[in-house]
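Please read the structure below before turning to the comments.
The values are calculated or read from the model by the stated rules, or taken from the named source; none is laboratory data. Everything numeric in this text was worked out from a predicted model, so none of it was measured. Cβ atoms come from the backbone with ideal geometry, glycine included; neighbour counts cover every protein chain shown. Side chains are part of the model used for accessible areas, which takes the heavy atoms of the whole protein and leaves out ligands, DNA and RNA. Shrake-Rupley method; radii C 1.70, N 1.55, O 1.52, S 1.80 Å.
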Amino acid sequence: LKEVDAELLSKISGTIVPSSFWKSDEAFLESGKGYCIMYGDEVASVSFSAAVSSEQVDIGIETAETHRRKGLAAIAAKKMVEYVESIHKEPVWDCNVSNVGSRCTAEKVGFRIIAEHAFYKV
């Protein structure tokens, strides 16, 4: 388990990754936070701040397909939740209702469903 730095940030790939949520790597490194589970030089799983407000941090998570269903996402997510709580903010988790893996990981680290909402795509 390693904290995301500039070197690790360049190794993170997938759909739910910091570059999808932050305007630049520099912005993420300045105002965001993340933790990676490493498998050799490969980022097996990452949990990070996808959005930050004065009261909340929305947690994003991505696990490489070859490393799914091993519990790695829960380890990274738990570390991120601990960080968010240590800075006295509320951790928030949002996922598509069909993303069973994300929902189960969220529940493993203590989240519970409080609402479901529609989203729109163009």
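Ile16: of a type in the set (A, V, I, L, M) and open to solvent by 40 Å² or more (accessible area, probe 1.4 Å), yes or no? Explain how you work it out, then say what you get.
On the way: of a type in the set (A, V, I, L, M): yes; open to solvent by 40 Å² or more (accessible area, probe 1.4 Å): yes.
Taking the combined requirement at face value, the residue satisfies it.
Just one of the numbered conditions (1) in contact with a Leu (Cβ under 8 Å, 6 or more places away or on another chain); (2) at pLDDT 95 or above; (3) over 19 Å from Arg68 (Cβ atoms); (4) not small (Gly, Ala, Ser) is not true of Leu9; which one?
Only one criterion is unmet by Leu9, namely (2).
Please list, ordered by residue number, the strands (runs of 3 or more DSSP E) wholly in the stretch 16-72 having 3 or more residues that are farther than 17 Å from Cys95 by Cα. I'd like the intermediate steps shown before the answer.
On the way: elements: 34-39, 42-52, 56-63.
Fully inside the stretch 16-72 and qualifying: 34-39, 42-52.
Across the stretch 105-122, which residue is farthest from Arg69 (Cα to Cα) among those that are out of contact with any helix residue (DSSP H, G or I) (no Cβ under 8 Å at 6 or more places or on another chain) and surrounded by 13 or more Cβ atoms within 10 Å (Cβ to Cβ)?
Residue satisfying both the conditions and the ranking: Phe111.
Can you tell me which residue among Ala74, Ala44, Ala118 is more than 14 Å from Glu3 (Cα to Cα), at pLDDT 95 or above and either in contact with a Leu (Cβ under 7 Å, 6 or more places away or on another chain) or of a type in the set (Gly, Ala, Ser) (or both)? Before you say what the answer is, go through the steps one by one.
Working: Ala44 fails: more than 14 Å from Glu3 (Cα to Cα); Ala118 fails: at pLDDT 95 or above.
Only one candidate passes the filter, namely Ala74.
Do we have Tyr83 as in contact with a Leu (Cβ under 9 Å, 6 or more places away or on another chain), modelled with pLDDT of 95 or more and not aliphatic (A, V, I, L, M) here?
Values: in contact with a Leu (Cβ under 9 Å, 6 or more places away or on another chain): no; modelled with pLDDT of 95 or more: yes; not aliphatic (A, V, I, L, M): yes.
So Tyr83 fails the test.
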